[in-house]
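One structure is given below, encoded as structure tokens.
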Amino acid sequence: MKLRLPFRLFPENMRHFGFIWIINMTIPLYYLLQLPFQKAWIGYAAVAILAFAFRQALWNTEGRLVYALIQITSVAILGYVYNPSFLYFGFYCIMAIGMLPTVRKVAFTVAYMVAAFVLTLYLFYQKAGEAVHLDFIPSLIILAILPFAMNSHRKAEQLRKQLRSANDEIERLIKNEERQRIARDLHDTLGHTLSLITLKGELVERLIPHDPERAVQEAKDIQTTSRTVLKQVRELISDMRAVHLADELRQAGQILSSAGIGFETAGDAKRIRTSPVVMNILSMCLREAVTNVVKHSRAKHCKVELMEKAGSYVLKVHDDGVGIDGAGSELGQVGSGLLGMKERLSLIEGTLEFSKREETGTTLIITVPNVVKRQQTEGNR
């Protein structure tokens, strides 16, 4: 049993646009209603065919070329039979033309449209016994250019979707590889050591009745081994959580590029030598700053600058957009994103500053120490 989808006049992503164009279709109908039916019926038929072909061209990808040619022909008939001003409805045709799959088909259809409209102008004024008016020529040039622009925009959007899909697939594969790496590390790092602890525990159990002193020594070995295991687990977790600033910069460039924002960097992130905690916090702050640029700044360009000063690293994120609302003087007045950054930085004695100028945009200045105190681990006791 086949399921039938409910009838829809236009695709969801073109619904409002399509309805606006259908409403505009009442303009020729209003003109035709002023004429006797004997003269107007051709116009009614042409308008109906134009509306039908317009709708079908949005849904039928295989027959889109045919429906585009039908639209052009309908507009040409209206222009020849009644008035060349109807040729302005050629703007209805460019949507279907711009959605054609290849540039060759777009060029062929545009050539047909230009030839049909020029012939319509010539025949109409020949019939009227007047010289050909050239007022429509500028609009005809625009009609010839717009389909190519729409086609290029559509292909660019398709490429962006494919890029996002490819990035998602790469991310999925990376996560899968990371899971396998973690499984191997856990097996190689912990498997042998835990087996050793188990064997020594069984040995202690057998030695207690016969050789208590050796049992005590084996128990101490178990404690030492367990501390080693605990240290290995902590190191493994630290490695899994580590995010390097260079990787985050690369990801920031991809995000900004996808949003149509120019990206520029200054400084070498690979030269940073600091603890994983500082590196993670610095990377998370950069991610939050870039997210704010994309969501709120309306910027055209973003620059990330990394500098090393005495005892600290300075990360500057500058954009040329509207950025943060500078009305508030307190950091707490500008949103939870910056507050979260400030709270993370406070854990490592880092600071966050921001400035906003109408003519230059917004600058975030993140400062973190390059030396932090490491807590003494249980394995070193």
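The values are calculated or read from the model by the stated rules, or taken from the named source; none is laboratory data. All values derive from a computational prediction rather than experimental measurement. Methodologically, a virtual Cβ is constructed for each residue, glycine included, from the backbone with ideal geometry; neighbour enumeration extends over all protein chains shown. Only protein heavy atoms, including side chains, enter the accessible area calculation; ligands, DNA and RNA are left aside. Shrake-Rupley method; radii C 1.70, N 1.55, O 1.52, S 1.80 Å.
Please find, among GLY323, GLY328, the residue that is outside any helix (DSSP H, G or I), at pLDDT below 75 and open to solvent by less than 20 Å² (accessible area, probe 1.4 Å). Explain how you work it out, then say what you get.
Numbers: GLY323 fails: open to solvent by less than 20 Å² (accessible area, probe 1.4 Å).
None of the other options fit; the residue is GLY328.
Count of the range 42-60 residues, restricted to those that are over 44 Å from the mean Cα position of the chain (by Cα) and either in contact (Cβ under 8 Å) with a residue 12 or more places away in the chain or within 12 Å of TYR82 (Cβ to Cβ) (or both), is 3. Looking only at residues of the range 252-284 that are over 24 Å from the mean Cα position of the chain (by Cα) and open to solvent by 70 Å² or more (accessible area, probe 1.4 Å), we find that the one that is nearest to SER297 (Cα to Cα) is ASP268. Residue count for the range 47-83, restricted to those that are open to solvent by 10 Å² or more (accessible area, probe 1.4 Å) and either under 11 Å from PHE117 (Cα atoms) or among the aromatic types (Phe, Trp, Tyr) (or both): 8.
The number of residues in the range 297-318 that are of a type outside the set (Val, Ile, Thr) and surrounded by 18 or more Cβ atoms within 10 Å (Cβ to Cβ) comes to 8.
Considering only residues in the range 195-218 that are among the hydrophobic types (A, V, I, L, M, F, W, C) and in contact with a helix residue (DSSP H, G or I) (Cβ under 7 Å, 6 or more places away or on another chain), the one that is most open to solvent (accessible area, probe 1.4 Å) turns out to be ILE208. Taking the range 54-81 as the range and being of a type in the set (Ser, Thr, Tyr) and in contact with a helix residue (DSSP H, G or I) (Cβ under 6 Å, 6 or more places away or on another chain) as the test, the residues that pass are TYR67, SER74, TYR80.
Per-residue answers, yes or no, for (1) out of contact with any Asp or Glu (no Cβ under 7 Å at 6 or more places or on another chain); (2) open to solvent by 50 Å² or more (accessible area, probe 1.4 Å); (3) among the small types (Gly, Ala, Ser):
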| site | (1), (2), (3) |
| --- | --- |
| MET99 | yes, no, no |
| ALA111 | yes, yes, yes |
| ALA115 | yes, yes, yes |
| GLU130 | yes, yes, no |
